[in-house]
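Engineer: My questions all concern the structure below.
The values are calculated or read from the model by the stated rules, or taken from the named source; none is laboratory data. Note that the coordinates shown come from a computational prediction; the quantities given were computed from them, not determined experimentally. Reconstructed Cβ throughout: ideal geometry from the backbone, glycine too, with neighbour counts over all protein chains shown.
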Amino acid sequence: MKSKIEVLVCDDSALMRKLLKEIINSDPLLNVCGTARDGKDAVIKARELKPDVITMDINMPGLDGITALQIITEEKIAPVIMVSSLTQEGALTTFEALELGAFDYVAKPGGTVSTNIKAVSDELIRKIKAAAGVGILEKLNREKLKRTSRPESGVRIEKQVALHKKKAPKLGYKAVAIGISTGGPKTIFDVLPYLPEDLNAAVFLVQHMPPTFTSSFAKRIDSASKLKCVEVEAGMEVKRGVIYLARGGRHLTLFKKTDGHILIRTPSKPEHLFIPSVDVMMESVLSVFGQDTVGVLMTGMGDDGADAMVKIREAGGITIAESEESAIVFGMPGEAIRRGGADIVAPSWEIAEEIIKAVG
């Protein structure tokens, strides 16, 4: 059994390779087993060294990071974390990498050669450790996983969810509050495109993501979904049939006016490990919609959203947690289940059906 997680670092900048190596080796559980200067070098060394995790720069001369990722993913050598720039162009390329099977990404805070890369050192270390988890490669190969999975409906934990569908929503429609993180930019497309355009609910989505990425992500969701998707803006009025994506660096909260209209707010407080926070969003949605709230917690590290799922369930709402079967990282949904915050546990590809049932 290995005593450390072995990491291969690929970047065309010698300075970046040095800085990334210093960050990774600073953790006693991690070890850089090799470095590569371009995509071709990365593929050769990945085959030779068989690392547990690979960090991959996107923009490199010769064989680029995306092409190297495809080869490494097809050969199932190791999970790959993309190291991308914080630009809109960087976001688009990063989403492409995630769709091709990358585990996750870390955005360089200062461009292609980022001398302040140590600002994201904690994030990088957390994600490397998560990527080294058991069964990650199989879960990243989602299409095969779906085909071999038994087509069962979600497992109901205790209460009869059907009882809640008999009551008409107090505001005329319900709220679906979805929280997702690591593995989310790909996994969420197992859900949102399968929600019908006549869904009698407003959908609120928090995906942990940098501010420069959420605008592009909203457009990707909008183009793939029957429901309209928008990146939220302060003062925006909530309407049924719309997916509201939280803006990176801002919380998503709701405010109900005396005339009954519901507006979106985008505060930067309270302080939280993640901004936007799933807990903050879900609790705000619950404060307005009460038992007409459907909470959904999916793949992600940590426990953001787990406490809010418990509160939604206790208030009479319906809660759905992604099962370990499909969750790239079982942290967030696993914590919700452990704390008693899940009515239904289902793989990602069954969650849309469960949302439709819960909305009624």
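Engineer: Looking for something under 18 Å from the mean Cα position of the chain (by Cα) and on the phi > 0 side of the Ramachandran plot - is there at least one such residue anywhere in region 82-102?
Structural biologist: Taking every residue of region 82-102 in turn, at least one turns out to be under 18 Å from the mean Cα position of the chain (by Cα) and on the phi > 0 side of the Ramachandran plot.
Engineer: Okay, moving on. Taking the stated definitions as given, is Gly334 at pLDDT 95 or above, touching a helix residue (DSSP H, G or I) at 6+ places or on another chain (Cβ under 9 Å) and within 18 Å of Val280 (Cβ to Cβ)? Talk me through it step by step, then tell me what you get.
Structural biologist: Numbers: at pLDDT 95 or above: yes; touching a helix residue (DSSP H, G or I) at 6+ places or on another chain (Cβ under 9 Å): yes; within 18 Å of Val280 (Cβ to Cβ): no.
In short, no.
Engineer: Which residue, of Ile44, Ile23, is assigned by TED's automatic domain parsing to the domain that holds Asp122 and more than 28 Å from the chain's Cα centre (by Cα)? It would help to see each step written out before you state the result.
Structural biologist: Numbers: Ile23 fails: more than 28 Å from the chain's Cα centre (by Cα).
Testing whether each residue is assigned by TED's automatic domain parsing to the domain that holds Asp122 and more than 28 Å from the chain's Cα centre (by Cα) leaves just Ile44.
Engineer: Pick from Thr93, Thr87, Thr35: which is at pLDDT below 95, touching a strand residue (DSSP E or B) at 6+ places or on another chain (Cβ under 8 Å) and farther than 23 Å from Glu138 by Cβ? It would help to see each step written out before you state the result.
Structural biologist: Values: Thr87 fails: touching a strand residue (DSSP E or B) at 6+ places or on another chain (Cβ under 8 Å); Thr35 fails: at pLDDT below 95.
Result: Thr93 is the single residue among Thr93, Thr87, Thr35 that is at pLDDT below 95, touching a strand residue (DSSP E or B) at 6+ places or on another chain (Cβ under 8 Å) and farther than 23 Å from Glu138 by Cβ.
Engineer: Taking the options Pro276, Pro267, Pro347, name whichever one is surrounded by fewer than 24 Cβ atoms within 10 Å (Cβ to Cβ) and either in contact with a His (Cβ under 8 Å, 6 or more places away or on another chain) or under 22 Å from Lys129 (Cα atoms) (or both). Outline the logic, then answer.
Structural biologist: Values: Pro276 fails: surrounded by fewer than 24 Cβ atoms within 10 Å (Cβ to Cβ); Pro347 fails: either in contact with a His (Cβ under 8 Å, 6 or more places away or on another chain) or under 22 Å from Lys129 (Cα atoms) (or both).
Within the list Pro276, Pro267, Pro347, the selection yields Pro267.
Engineer: Suppose we filter Gly260, Gly248, Gly241 for residues that are of a type outside the set (A, V, I, L, M, F, W, C), at positive phi, in the same structural domain as Gly172 (by TED's automatic domain parsing) and surrounded by 14 or more Cβ atoms within 10 Å (Cβ to Cβ); which single one remains? Give the derivation first.
Structural biologist: Numbers: Gly260 fails: surrounded by 14 or more Cβ atoms within 10 Å (Cβ to Cβ); Gly248 fails: at positive phi.
Of Gly260, Gly248, Gly241, the one residue that is of a type outside the set (A, V, I, L, M, F, W, C), at positive phi, in the same structural domain as Gly172 (by TED's automatic domain parsing) and surrounded by 14 or more Cβ atoms within 10 Å (Cβ to Cβ) is Gly241.
Engineer: Follow-up question, since we're still on this one. Can you pull out the residues in region 311-330 that are assigned to a helix (DSSP H, G or I) and either buried (at least 19 other Cβ atoms within 10 Å of the Cβ) or of a type in the set (Phe, Trp, Tyr) (or both)? So that I can check it myself, show each step before the final result.
Structural biologist: Applying the first criterion (assigned to a helix (DSSP H, G or I)) to region 311-330 yields 311-314.
If the condition is that a residue be assigned to a helix (DSSP H, G or I) and either buried (at least 19 other Cβ atoms within 10 Å of the Cβ) or of a type in the set (Phe, Trp, Tyr) (or both), then Ile312, Arg313 are the ones that fit.
Engineer: Looking at Thr112, is it buried (at least 16 other Cβ atoms within 10 Å of the Cβ), modelled with pLDDT under 85, of a type in the set (Val, Ile, Thr) and not assigned by TED's automatic domain parsing to the domain that holds Ile180? Spell out the reasoning first.
Structural biologist: On the way: buried (at least 16 other Cβ atoms within 10 Å of the Cβ): yes; modelled with pLDDT under 85: yes; of a type in the set (Val, Ile, Thr): yes; not assigned by TED's automatic domain parsing to the domain that holds Ile180: yes.
Here the answer is yes, as Thr112 does meet what is asked.
Engineer: Give me the residue from region 183-207 that is under 11 Å from the mean Cα position of the chain (by Cα) and surrounded by fewer than 24 Cβ atoms within 10 Å (Cβ to Cβ) and, out of that set, farthest from Ile320 (Cα to Cα).
Structural biologist: So in region 183-207, the residues under 11 Å from the mean Cα position of the chain (by Cα) come out as 183-189, 205-207.
Pick out the ones that are also surrounded by fewer than 24 Cβ atoms within 10 Å (Cβ to Cβ) and you get 186, 189.
Numbers: Lys186: 19, Phe189: 16 Å.
Ranking the candidates gives Lys186 first.
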